[in-house]
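In what follows, a structure is listed as structure tokens, so that the remarks can point back to it.
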Amino acid sequence: MSLRNLVMLLLMVIFVHQAVSITFTSRILHRFSEEMKALRVSVSTNTSVRVSWPEKGSMEYYQELVSGDFRRQKMKLGSRFQLLFPSEGSKTIALGNDFGWLHYTWIDIGTPSVSFLVALDAGSDLLWVPCNCIQCAPLSASYYGSLDKDLNEYRPSSSSTSKHISCSHNLCDSGQSCQSPKQSCPYVIDYITENTSSSGLLIQDVLHLSSGCENSSNCTIQAPVILGCGMKQSGGYLSGVAPDGLFGLGLGEISVLSSLAKEELVQNSFSLCFNEDGSGRIFFGDEGPASQQMTSFVPLDGKYETYIVGVEACCIENSCLKQTSFKALIDSGTSFTYLPEEAYENIVMEFDKRLNTTSAVSFKGYPWKYCYKISEDAMPKVPSVTLLFPLNNSFVVHDPVFPIYGDQGLAGFCFAILPADGDIGILGQNYMTGYRMVFDRDNLKLGWSHANCQDLSNEKKMPLTPAKETPPNPLPANEQQSASGGHAVAPAVAGRAPSKPSAATPCFIPSKFYSIRLPYLLLLALCLVSSCV
């Protein structure tokens, strides 16, 4: 065998050895280093394109750095969800007179999951459901004129994922009154409606959510949340307002929204959309369209504890009235709208004057003072109502009146606002109709845009149903003022629970580059080959 062949054989042995013993080392390179520039040039397949490289310290240099940070952040958020909604779908529904004129949605809790029909309340924080009941509303469908199946009661002992919250937990407000830190944390919530409350124990369990994506295996999530085991309810909660529970959407740390944002599952924002026919949508993480109008939430006593906005003036048609500025709570958990006394009087008097009718009447059983009878089953032209916010943002109330039906059909209507007891008004769910209302909790802003809630998917490809379809829960086909076999329920007014908001903590994934270092034996072999040629 010649020396040349011997050297070539040695070289082959070295390469075989290298293939099985090659090692990897990790070395972090700055993206604008000279080594990275050389690597970028070497891998470029288009020699006609010049590889640009920003000068260190230039504007382009820092723009590239920021752009890269955003790209890495999006990579990190790629494993999360753009939007979430209850596992049974994003639909909401108004159940009319039987259920206090509030909007409801179905949610699933626990393992195995149990469904609950909960009222949506932006004016309070806690999610609670009837549980191990001592004093709860009737759950039988026969009690309500608009259900065809019984409502459910939650039992923590039947859920393998339930855990009691102890008195030592940082979200246990009643911890100081407990006899032991290990004792289960009690809760009591009093709402604005007189003598209306819920009390029981705090529990941690999973809330089943969906992102509506195409890959069903990755579209559902079981989010651990704190909820109230509502053992005892009082007032309106015994007569039909939220008989199967209440979903608090407020700013408090104990709210589901705060929990989802803290876990970085979605952006710290949500939207509610209500149609005139009583249907609607709810989305967690929705920040609204770029074209929406916005106004900032304002603090009370220096704290942001509820969704309060400042109204600069109210307008009836083209007349913007003096002494109609006020602060108001934006609250889906209040059936109708309440204004401070002075603003209320000025607005209703101007509305009455511009309506151009003398057929003012009183409808028995309805709370409004300014009501009107109509003839020939036709509504007259109703004056427009507009709320003015700072920076010329305007909110035109889609439907400021409430129709009254009798045995012969449409009998009349009422101007659907009431006087508030104090100096804080409430913009209730009836004045949210026709809008996609966005509660941006990170930036402490309220956004609104005209929307048909059924068509939201066309704008941002927003999912309307879970990826894996589940049998729909029964909901009434239409909203009725008095359902046969049902009962009348007074309009609901939600409460406010003081607490602090929580924001998601940003996190970044650093980029890494890997290089293979060849052993010096390869260089020695090449030298031997060249010297033997």
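The values are calculated or read from the model by the stated rules, or taken from the named source; none is laboratory data. No experiment lies behind these values; they were computed from the predicted model shown. Backbone-built Cβ (ideal geometry, glycine too); neighbour counts: all protein chains shown. Protein only, heavy atoms only, side chains kept; ligands, DNA and RNA dropped before computing areas. Shrake-Rupley method; radii C 1.70, N 1.55, O 1.52, S 1.80 Å.
For the pair region 133-208 and region 265-308, the centres of their Cα atoms are 26 angstrom apart. Centre-to-centre, using Cα atoms only, region 341-371 and region 410-427 are separated by 9 Å.
Pairs of C-alpha atoms in region 153-295 farther apart than 23 Å represent 48 percent of all such pairs. Counting Lys and Arg as +1 and Asp and Glu as -1 over every other residue whose Cβ lies under 14 Å from the Cβ of PHE389, the net charge comes to +1.
Note on SER158 and ASN356: with the Förster distance fixed at 60 Å, the Cβ-Cβ geometry gives a FRET efficiency of about 0.50.
Nonpolar atom fraction for region 133-209, defined as the carbon and sulfur part of the 1.4 Å probe accessible area, stands at 44 percent.
Only protein heavy atoms count here; under a 1.4 Å probe, LEU300 has an accessible surface of about 50 Å².
Maximal additional length on extending the GLN408-MET379 stretch stands at 9.0 nm, based on 0.36 nm per residue less the C-alpha distance. Once all protein chains are placed together, TYR405 keeps about 130 Å² accessible to a 1.4 angstrom probe. What region 196-351 shows is 32 Å² of accessible area per residue, with the surface traced by a 1.4 Å probe over protein heavy atoms. Potential lengthening of the chain between ASN195 and GLU276 amounts to 26.1 nm, from the contour at 0.36 nm per residue minus the alpha-carbon distance. Shape of region 158-225 from the C-alpha gyration tensor: oblate (a/c of 1.5 or more and a/b not above b/c, with a ≥ b ≥ c the square roots of its eigenvalues). Using a probe of 1.4 angstrom and keeping all protein chains present, the accessible surface of region 367-416 works out to 52 square angstrom per residue. Once both labels are positioned 7 Å from their Cα atoms along Cα-to-Cβ, the gap between ASP399 and LYS322 label points is 3.6 nm.
Of all DSSP-defined beta bridges confined to region 90-192, some 90% are antiparallel rather than parallel. Converting phi to 3J(HN,Hα) with the Karplus coefficients 6.51, -1.76 and 1.60 and the offset θ = phi - 60°, region 316-324 yields 10, 6, 9, 9, 8, 8, 6, 6, 10 Hz in sequence order, with x at every glycine or proline. At a Förster distance of 22 Å, what's the computed FRET efficiency of LYS369 paired with ASP421, Cβ-Cβ distance as r, to 0.05? Efficiency, from the Cβ-Cβ distance: 0.90. Under 19 Å from a label point set 7 Å out along the Cα-to-Cβ vector of SER140, the amide N atoms of region 91-107 belong to 98-99.
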